[in-house]
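Working notes for the structure below.
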(Lines give C-alpha, C1' and ligand atoms only; values in the text may rest on other atoms or scores of the structure.)
Protein backbone atom coordinates (compact mmCIF):
# COMPACT_ATOMS: atom_id res chain seq x y z
CA UNK A 1 0.00 0.00 0.00
CA UNK A 2 1.26 3.49 -0.82
CA UNK A 3 2.20 5.93 1.89
CA UNK A 4 -0.83 7.98 2.75
CA UNK A 5 -1.29 11.74 2.79
CA UNK A 6 -4.48 13.40 3.94
CA UNK A 7 -6.16 13.33 0.54
CA UNK A 8 -5.24 9.71 0.01
CA UNK A 9 -6.78 8.85 3.37
CA UNK A 10 -9.96 10.74 2.40
CA UNK A 11 -10.02 8.98 -0.99
CA UNK A 12 -9.71 5.51 0.56
CA UNK A 13 -12.35 6.37 3.13
CA UNK A 14 -14.76 7.28 0.31
CA UNK A 15 -14.00 4.10 -1.61
CA UNK A 16 -14.22 1.74 1.34
CA UNK A 17 -16.90 3.29 3.56
CA UNK A 18 -19.16 5.09 1.08
CA UNK A 19 -18.81 2.88 -2.00
CA UNK A 20 -18.18 -0.30 0.04
CA UNK A 21 -15.28 -1.41 -2.12
CA UNK A 22 -12.82 -3.88 -0.70
CA UNK A 23 -9.43 -2.37 -1.68
CA UNK A 24 -6.68 -4.91 -2.35
CA UNK A 25 -4.14 -2.40 -3.66
CA UNK A 26 -3.79 1.31 -4.41
CA UNK A 27 -0.87 2.74 -6.35
CA UNK A 28 -0.13 5.90 -8.34
CA UNK A 29 -1.23 5.51 -11.96
CA UNK A 30 -0.04 8.82 -13.37
CA UNK A 31 0.04 12.55 -12.84
CA UNK A 32 -0.26 15.37 -15.34
CA UNK A 33 0.66 18.99 -15.73
CA UNK A 34 -2.13 20.11 -13.40
CA UNK A 35 -2.82 19.44 -9.73
CA UNK A 36 -4.76 16.26 -10.56
CA UNK A 37 -3.45 12.85 -9.52
CA UNK A 38 -4.57 9.40 -10.62
CA UNK A 39 -4.49 6.12 -8.69
CA UNK A 40 -5.04 2.55 -9.84
CA UNK A 41 -7.34 0.73 -7.44
CA UNK A 42 -7.65 -3.04 -7.39
CA UNK A 43 -10.49 -4.65 -5.51
CA UNK A 44 -12.21 -8.01 -5.52
CA UNK A 45 -14.92 -6.43 -7.72
CA UNK A 46 -12.76 -4.92 -10.48
CA UNK A 47 -9.90 -2.57 -11.29
CA UNK A 48 -10.49 1.18 -11.46
CA UNK A 49 -8.79 4.54 -11.79
CA UNK A 50 -9.52 7.18 -9.16
CA UNK A 51 -9.01 10.82 -10.08
CA UNK A 52 -7.96 13.06 -7.22
CA UNK A 53 -8.76 16.68 -8.10
CA UNK A 54 -8.47 19.00 -5.07
CA UNK A 55 -11.59 21.22 -5.19
CA UNK A 56 -9.63 24.37 -4.33
CA UNK A 57 -7.35 23.83 -7.35
CA UNK A 58 -9.34 21.80 -9.91
CA UNK A 59 -12.94 21.91 -11.11
CA UNK A 60 -14.52 18.53 -11.88
CA UNK A 61 -17.48 19.98 -13.76
CA UNK A 62 -15.75 20.37 -17.16
CA UNK A 63 -14.45 16.79 -17.01
CA UNK A 64 -17.90 15.40 -16.23
CA UNK A 65 -19.68 17.49 -18.84
CA UNK A 66 -17.15 16.92 -21.64
CA UNK A 67 -16.93 13.19 -20.92
CA UNK A 68 -20.64 12.93 -21.62
CA UNK A 69 -20.33 15.14 -24.71
CA UNK A 70 -17.55 13.01 -26.21
CA UNK A 71 -19.40 9.77 -25.49
CA UNK A 72 -22.29 11.13 -27.53
CA UNK A 73 -19.78 11.82 -30.32
CA UNK A 74 -18.76 8.11 -30.26
CA UNK A 75 -15.31 8.87 -28.84
CA UNK A 76 -14.06 6.30 -26.34
CA UNK A 77 -13.54 8.11 -23.04
CA UNK A 78 -13.51 6.47 -19.59
CA UNK A 79 -16.84 5.60 -18.04
CA UNK A 80 -17.47 7.50 -14.82
CA UNK A 81 -18.80 5.00 -12.30
CA UNK A 82 -19.02 7.18 -9.20
CA UNK A 83 -18.37 10.81 -8.34
CA UNK A 84 -17.69 12.78 -5.18
CA UNK A 85 -17.79 16.40 -6.24
CA UNK A 86 -17.53 17.79 -2.71
CA UNK A 87 -14.16 16.16 -2.07
CA UNK A 88 -12.93 16.07 -5.69
CA UNK A 89 -12.83 12.32 -6.41
CA UNK A 90 -14.03 10.32 -9.42
CA UNK A 91 -14.11 6.54 -9.86
CA UNK A 92 -13.29 5.85 -13.50
CA UNK A 93 -12.91 3.02 -15.97
CA UNK A 94 -9.31 1.85 -16.18
CA UNK A 95 -7.88 2.09 -19.70
CA UNK A 96 -4.65 0.41 -18.59
CA UNK A 97 -1.14 1.78 -18.56
CA UNK A 98 -0.10 1.68 -22.23
CA UNK A 99 -0.31 4.96 -24.09
CA UNK A 100 0.72 5.53 -27.71
CA UNK A 101 4.08 6.93 -26.59
CA UNK A 102 4.92 3.62 -24.93
CA UNK A 103 4.03 1.55 -27.98
CA UNK A 104 4.83 3.57 -31.10
CA UNK A 105 7.55 2.38 -33.43
CA UNK A 106 8.12 2.31 -37.18
CA UNK A 107 6.28 -0.99 -37.52
CA UNK A 108 3.00 -0.08 -35.81
CA UNK A 109 2.83 3.69 -36.38
CA UNK A 110 0.54 3.46 -39.41
CA UNK A 111 -2.06 1.37 -37.61
CA UNK A 112 -1.95 3.34 -34.37
CA UNK A 113 -2.17 6.71 -36.09
CA UNK A 114 -5.02 5.49 -38.28
CA UNK A 115 -7.01 4.67 -35.14
CA UNK A 116 -6.18 8.13 -33.79
CA UNK A 117 -7.32 9.76 -37.05
CA UNK A 118 -10.58 7.82 -36.90
CA UNK A 119 -11.29 8.96 -33.34
CA UNK A 120 -10.38 12.55 -34.17
CA UNK A 121 -12.70 12.50 -37.16
CA UNK A 122 -15.57 11.26 -34.95
CA UNK A 123 -14.87 14.08 -32.52
CA UNK A 124 -14.92 16.67 -35.29
CA UNK A 125 -17.88 15.45 -37.28
CA UNK A 126 -20.24 14.30 -34.52
CA UNK A 127 -19.88 17.13 -31.99
CA UNK A 128 -22.51 19.81 -32.56
CA UNK A 129 -20.57 23.03 -32.05
CA UNK A 130 -23.81 25.03 -31.85
CA UNK A 131 -25.21 23.04 -28.93
CA UNK A 132 -22.21 21.62 -27.08
CA UNK A 133 -21.68 24.64 -24.82
CA UNK A 134 -17.90 24.59 -25.11
CA UNK A 135 -16.00 27.89 -24.90
CA UNK A 136 -14.39 29.34 -28.01
CA UNK A 137 -10.68 29.36 -28.71
CA UNK A 138 -10.84 33.12 -29.15
CA UNK A 139 -8.22 35.83 -29.59
CA UNK A 140 -7.90 36.46 -25.87
CA UNK A 141 -7.15 32.80 -25.12
CA UNK A 142 -4.64 32.52 -27.96
CA UNK A 143 -2.81 35.62 -26.74
CA UNK A 144 -2.78 34.39 -23.14
CA UNK A 145 -1.21 31.14 -24.28
CA UNK A 146 1.49 32.89 -26.29
CA UNK A 147 2.24 35.06 -23.26
CA UNK A 148 3.23 31.90 -21.35
CA UNK A 149 6.17 31.48 -23.75
CA UNK A 150 7.28 35.08 -23.30
CA UNK A 151 6.93 35.09 -19.51
CA UNK A 152 8.14 31.65 -18.46
CA UNK A 153 10.63 30.67 -21.18
CA UNK A 154 12.10 33.91 -22.48
CA UNK A 155 11.92 35.99 -19.31
CA UNK A 156 12.16 33.55 -16.38
CA UNK A 157 14.20 30.72 -17.95
CA UNK A 158 16.49 32.50 -20.43
CA UNK A 159 16.38 36.02 -18.97
CA UNK A 160 16.06 37.64 -22.40
CA UNK A 161 13.61 40.15 -23.87
CA UNK A 162 12.17 39.83 -27.35
CA UNK A 163 11.83 43.16 -29.21
CA UNK A 164 8.25 44.40 -29.09
CA UNK A 165 7.96 44.76 -32.86
CA UNK A 166 9.05 41.15 -33.47
CA UNK A 167 6.75 39.82 -30.76
CA UNK A 168 3.75 41.80 -32.02
CA UNK A 169 4.24 40.62 -35.62
CA UNK A 170 4.57 37.02 -34.47
CA UNK A 171 1.43 37.17 -32.33
CA UNK A 172 -0.61 38.83 -35.07
CA UNK A 173 0.34 36.30 -37.73
CA UNK A 174 -0.32 33.28 -35.52
CA UNK A 175 -3.58 34.52 -34.04
CA UNK A 176 -5.00 35.64 -37.40
CA UNK A 177 -4.17 32.28 -38.95
CA UNK A 178 -5.89 30.43 -36.11
CA UNK A 179 -9.01 32.59 -36.20
CA UNK A 180 -9.53 32.34 -39.97
CA UNK A 181 -9.83 28.54 -39.90
CA UNK A 182 -13.09 26.56 -39.88
CA UNK A 183 -13.93 25.54 -36.32
CA UNK A 184 -14.83 22.26 -34.67
CA UNK A 185 -14.58 20.57 -31.29
CA UNK A 186 -10.92 20.64 -30.20
CA UNK A 187 -9.62 18.18 -27.58
CA UNK A 188 -6.62 20.52 -27.09
CA UNK A 189 -4.15 17.87 -25.89
CA UNK A 190 -4.56 15.22 -28.56
CA UNK A 191 -1.14 13.56 -28.49
CA UNK A 192 0.67 10.31 -27.77
CA UNK A 193 0.47 10.51 -23.98
CA UNK A 194 -3.31 10.96 -23.96
CA UNK A 195 -4.18 8.16 -26.40
CA UNK A 196 -4.37 4.78 -24.68
CA UNK A 197 -3.81 1.49 -26.50
CA UNK A 198 -6.77 -0.84 -25.86
CA UNK A 199 -7.69 -4.33 -26.99
CA UNK A 200 -10.95 -3.04 -28.46
CA UNK A 201 -12.33 0.37 -29.42
CA UNK A 202 -8.80 1.79 -29.32
CA UNK A 203 -7.66 4.40 -28.61
CA UNK A 204 -9.05 5.38 -25.26
CA UNK A 205 -9.00 9.17 -24.98
CA UNK A 206 -8.02 10.90 -21.73
CA UNK A 207 -7.24 14.44 -20.49
CA UNK A 208 -10.05 16.05 -22.45
CA UNK A 209 -11.39 18.46 -19.83
CA UNK A 210 -9.97 21.56 -21.55
CA UNK A 211 -11.86 20.98 -24.81
CA UNK A 212 -12.98 24.07 -26.76
CA UNK A 213 -14.46 25.08 -30.09
CA UNK A 214 -11.48 26.08 -32.17
CA UNK A 215 -9.33 25.75 -35.30
CA UNK A 216 -9.76 22.56 -37.26
CA UNK A 217 -6.02 21.90 -37.58
CA UNK A 218 -5.28 22.16 -33.85
CA UNK A 219 -5.67 18.52 -32.79
CA UNK A 220 -4.15 17.22 -36.02
CA UNK A 221 -0.92 19.14 -35.53
CA UNK A 222 -0.89 18.21 -31.84
CA UNK A 223 -0.90 14.58 -32.92
CA UNK A 224 1.52 14.74 -35.84
CA UNK A 225 4.01 17.24 -34.40
CA UNK A 226 3.86 15.79 -30.93
CA UNK A 227 6.00 17.39 -28.23
CA UNK A 228 6.98 13.91 -26.99
CA UNK A 229 7.81 12.04 -30.20
CA UNK A 230 8.95 13.24 -33.63
CA UNK A 231 8.54 11.66 -37.05
CA UNK A 232 10.26 12.36 -40.39
CA UNK A 233 8.84 15.42 -42.13
CA UNK A 234 7.83 13.43 -45.21
CA UNK A 235 5.79 11.00 -43.10
CA UNK A 236 4.07 13.84 -41.25
CA UNK A 237 3.23 15.49 -44.59
CA UNK A 238 1.71 12.27 -45.96
CA UNK A 239 -0.48 11.82 -42.88
CA UNK A 240 -1.49 15.49 -42.97
CA UNK A 241 -2.48 15.33 -46.67
CA UNK A 242 -4.48 12.16 -46.15
CA UNK A 243 -6.43 13.75 -43.31
CA UNK A 244 -6.92 16.95 -45.31
CA UNK A 245 -8.54 14.89 -48.06
CA UNK A 246 -10.81 13.22 -45.52
CA UNK A 247 -11.96 16.57 -44.16
CA UNK A 248 -12.52 17.81 -47.71
CA UNK A 249 -14.72 14.82 -48.60
CA UNK A 250 -16.76 15.39 -45.44
CA UNK A 251 -17.26 19.09 -46.31
CA UNK A 252 -15.66 20.14 -43.03
CA UNK A 253 -13.25 22.34 -44.98
CA UNK A 254 -13.26 24.05 -48.36
CA UNK A 255 -9.72 25.23 -48.97
CA UNK A 256 -6.64 24.39 -50.99
CA UNK A 257 -3.97 22.07 -49.66
CA UNK A 258 -1.54 25.02 -49.61
CA UNK A 259 -3.90 26.96 -47.35
CA UNK A 260 -4.45 23.95 -45.10
CA UNK A 261 -0.70 23.39 -44.85
CA UNK A 262 -0.17 26.99 -43.74
CA UNK A 263 -2.93 26.71 -41.13
CA UNK A 264 -1.41 23.44 -39.92
CA UNK A 265 2.11 24.88 -39.71
CA UNK A 266 1.17 28.11 -37.94
CA UNK A 267 -1.24 26.38 -35.58
CA UNK A 268 1.56 24.04 -34.60
CA UNK A 269 3.88 26.98 -34.07
CA UNK A 270 1.39 28.65 -31.72
CA UNK A 271 0.89 25.42 -29.79
CA UNK A 272 4.60 24.70 -29.53
CA UNK A 273 5.42 28.17 -28.23
CA UNK A 274 2.76 27.71 -25.57
CA UNK A 275 4.07 24.23 -24.72
CA UNK A 276 7.64 25.50 -24.30
CA UNK A 277 6.35 28.11 -21.87
CA UNK A 278 4.34 25.50 -19.97
CA UNK A 279 7.31 23.12 -19.76
CA UNK A 280 9.38 25.97 -18.31
CA UNK A 281 6.65 26.86 -15.83
CA UNK A 282 6.31 23.24 -14.72
CA UNK A 283 10.03 23.21 -13.99
CA UNK A 284 10.32 26.57 -12.26
CA UNK A 285 7.02 26.75 -10.39
CA UNK A 286 5.96 23.13 -9.86
CA UNK A 287 9.24 21.25 -9.68
CA UNK A 288 8.33 18.96 -12.61
CA UNK A 289 11.68 19.22 -14.35
CA UNK A 290 11.46 16.21 -16.68
CA UNK A 291 9.46 18.36 -19.12
CA UNK A 292 12.62 20.35 -19.85
CA UNK A 293 13.80 17.36 -21.87
CA UNK A 294 10.97 18.00 -24.34
CA UNK A 295 11.88 21.63 -25.03
CA UNK A 296 14.62 20.94 -27.65
CA UNK A 297 12.26 18.84 -29.77
CA UNK A 298 9.47 21.38 -29.45
CA UNK A 299 11.77 24.32 -30.13
CA UNK A 300 13.03 22.54 -33.24
CA UNK A 301 9.46 22.42 -34.58
CA UNK A 302 9.19 26.19 -34.05
CA UNK A 303 12.52 26.89 -35.74
CA UNK A 304 11.70 24.71 -38.74
CA UNK A 305 8.28 26.26 -39.39
CA UNK A 306 9.45 29.81 -38.74
CA UNK A 307 12.29 29.44 -41.26
CA UNK A 308 9.86 28.17 -43.92
CA UNK A 309 7.77 31.38 -43.99
CA UNK A 310 9.43 34.69 -45.03
CA UNK A 311 7.00 36.74 -42.93
CA UNK A 312 8.65 35.29 -39.82
CA UNK A 313 12.16 36.33 -40.90
CA UNK A 314 12.73 38.72 -37.99
CA UNK A 315 11.56 36.15 -35.46
CA UNK A 316 13.68 33.46 -37.12
CA UNK A 317 16.76 35.66 -36.80
CA UNK A 318 16.03 36.39 -33.15
CA UNK A 319 15.41 32.70 -32.52
CA UNK A 320 18.68 31.62 -34.14
CA UNK A 321 20.84 34.42 -32.74
CA UNK A 322 19.44 34.80 -29.22
CA UNK A 323 16.92 32.17 -28.08
CA UNK A 324 18.63 28.98 -29.23
CA UNK A 325 22.12 30.02 -28.04
CA UNK A 326 20.68 31.06 -24.66
CA UNK A 327 18.81 27.80 -24.32
CA UNK A 328 21.96 25.86 -25.17
CA UNK A 329 23.71 27.01 -22.01
CA UNK A 330 21.09 25.58 -19.65
CA UNK A 331 22.54 22.90 -17.35
CA UNK A 332 21.74 19.30 -18.36
CA UNK A 333 19.12 17.35 -16.41
CA UNK A 334 20.01 14.26 -14.40
CA UNK A 335 20.20 11.21 -16.66
CA UNK A 336 17.26 9.47 -14.97
CA UNK A 337 14.79 12.23 -15.89
CA UNK A 338 12.62 11.73 -18.96
CA UNK A 339 13.54 8.10 -19.53
CA UNK A 340 10.06 7.36 -20.89
CA UNK A 341 10.41 9.91 -23.70
CA UNK A 342 11.00 8.78 -27.27
CA UNK A 343 12.50 10.55 -30.24
CA UNK A 344 12.29 9.06 -33.72
CA UNK A 345 14.17 10.70 -36.55
CA UNK A 346 14.46 10.11 -40.24
Among 194, 138, which is assigned by TED's automatic domain parsing to the domain that holds residue 286 and over 25 Å from residue 52 (Cα atoms)? 138
Out of curiosity, is residue 30 farther than 21 Å from residue 205 by Cα, touching a strand residue (DSSP E or B) at 6+ places or on another chain (Cβ under 7 Å), surrounded by 12 or more Cβ atoms within 10 Å (Cβ to Cβ) and at pLDDT below 90? no
Quick test for you: out of 124, 114, 130, pick the one residue that is in the same structural domain as residue 223 (by TED's automatic domain parsing) and modelled with pLDDT under 95. 130
When (1) in contact with a helix residue (DSSP H, G or I) (Cβ under 7 Å, 6 or more places away or on another chain); (2) at pLDDT 95 or above are applied to residue 14, the one that fails is (1)
Check residue 87 against each of (1) closer than 20 Å to residue 119 by Cβ; (2) touching a helix residue (DSSP H, G or I) at 6+ places or on another chain (Cβ under 7 Å) and name the one condition it does not meet. (1)
Mind checking which residues of the stretch 157-190 are touching a residue at least 60 places away in the same chain (Cβ under 8 Å), crowded, with 18+ Cβ neighbours inside 10 Å and not in a helix (DSSP H, G or I)? 162, 181, 184, 185, 187, 190
Looking at residue 75, is it surrounded by 16 or more Cβ atoms within 10 Å (Cβ to Cβ) and closer than 19 Å to residue 188 by Cβ? yes
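The values are calculated or read from the model by the stated rules, or taken from the named source; none is laboratory data. This one's a predicted model, so the numbers in the text were calculated from it and none came from an experiment. Backbone-built Cβ (ideal geometry, glycine too); neighbour counts: all protein chains shown.
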